[in-house]
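Shown next, in structure tokens, is the structure this report addresses.
The values are calculated or read from the model by the stated rules, or taken from the named source; none is laboratory data. As the structure is a prediction and not an experimental result, all values here were calculated from the model. Positions of Cβ are generated from backbone atoms using ideal geometry, with glycine treated the same way; all protein chains shown enter the neighbour counts. Quick note on the areas: whole protein, heavy atoms, side chains included, nothing else; ligands and nucleic acids left out. Shrake-Rupley method; radii C 1.70, N 1.55, O 1.52, S 1.80 Å.
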Amino acid sequence: SYLRENGHIVSFFDEGTFPQSSNYRLINLIDRFKPQILAFSLYTTNLNHTYETITFLKNKYPSVIIVVGGAHATALPRMTLQECPAIDFIVYGEGEITMLELVNAIEKASNFDSIDGIYYRSKGDIFNTKPRRLVDNLDDLPFPAYDLSQNFHYRFDPIIKRKRVATIMTSRGCPYNCTFCSKSIFGNTYRKRSPQNVVAEIIYQINYLGSSELYFMDDLFTSDRVWLDSFYN
């Protein structure tokens, strides 16, 4: 949604909604959409399959630039590039502003060393730039592009009685240091969207998507009691 808000044309594909490997569906979309850039989120649980898909697509579409991001790529960026030579760029940390700057630079054939938050290859070596500063005001970001996911059929969680569930994040970051948790993307700085902004998204989810249940995915949804009272009101 951030790329679209800034003038770029975007499509979306979620392979996880299909029961079997579905490269042919992705290929059909690529052939119709003719993208200059393919971007992937890397998840550790299906890393090898994603590497295989990326390598296959790079061989089939050698001129297409491949960018990856997400928790795995952020936690292990250099290893990721070493393990999968087909990847051209990594966007690490919060991706909205970095991805926009990277897409603009690719479009204009500009240098990449001034873009914070990326790893990239040049003349056989791997380079990286300094981390991107975290987004201070989360209200500045548009709502996710939910319309792009409407053609995919997501399984219902049995806990939620087969209702249509809206997934929402009202905050980013966590100041605590639990040993089991990685905060590689959102960092240690706790930031909240305004209650008004969150409620506007809920109204959009209900009216546009027909959602009837809310799933707050925050690490710390109830930690700010003043914010919580304002949100409930």
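Points to keep in mind about this one:
- Here the gap between ARG164 and ILE27, fully extended at 0.36 nm per residue and compared with their Cα-Cα distance, gives a gain of 46.4 nm.
- Calculated [222 nm] ellipticity per residue, helices only, for the chain: -9500 deg cm²/dmol; basis is -39500 (n - 2.57) per DSSP H run with n ≥ 4, divided by all residues, nearest 500.
- With a simple spin-label model that places each label point 7 Å from the Cα along the Cα-to-Cβ direction, the separation between LEU220 and SER149 comes to 2.4 nm.
- Taking region 81-145 and dividing mean pair separation by its residue count, relative contact order in percent (alpha carbons under 8 Å, at least six apart): 30 percent
- 3J(HN,Hα) from dihedral phi, region 189-200, Karplus parametrisation 6.51/-1.76/1.60, rounded to Hz, x for glycine, proline: 8, 7, 10, 10, 6, 6, x, 5, 5, 5, 4, 4
- Cα-based Lys proximity count in the chain, under 23 Å, for pairs eight or more positions apart or on separate chains: 10
- Put simply, the amide H of ALA39, placed in the peptide plane, has neighbours under 5 Å in VAL67, leaving out anything fewer than 5 places away on its chain.
- Accessible carbon and sulfur surface of the chain relative to its total accessible area, %, 1.4 Å: 53 percent
- For region 39-115, the share of alpha carbon pairs falling in successive 5 Å distance bins from zero is 3, 15, 28, 24, 20, 9, 1, 0 percent.
- FRET efficiency, 1/(1 + (r/R0)^6) with R0 25 Å, evaluated for ILE206 and GLU83 via beta carbons: 0.05
- Between SER41 and THR17, the simple spin-label model (points 7 angstrom out along Cα→Cβ) gives 1.3 nm.
- Relative contact order, whole percent, for the chain stands at 17, derived from Cα pairs under 8 Å and 6 or more residues apart.
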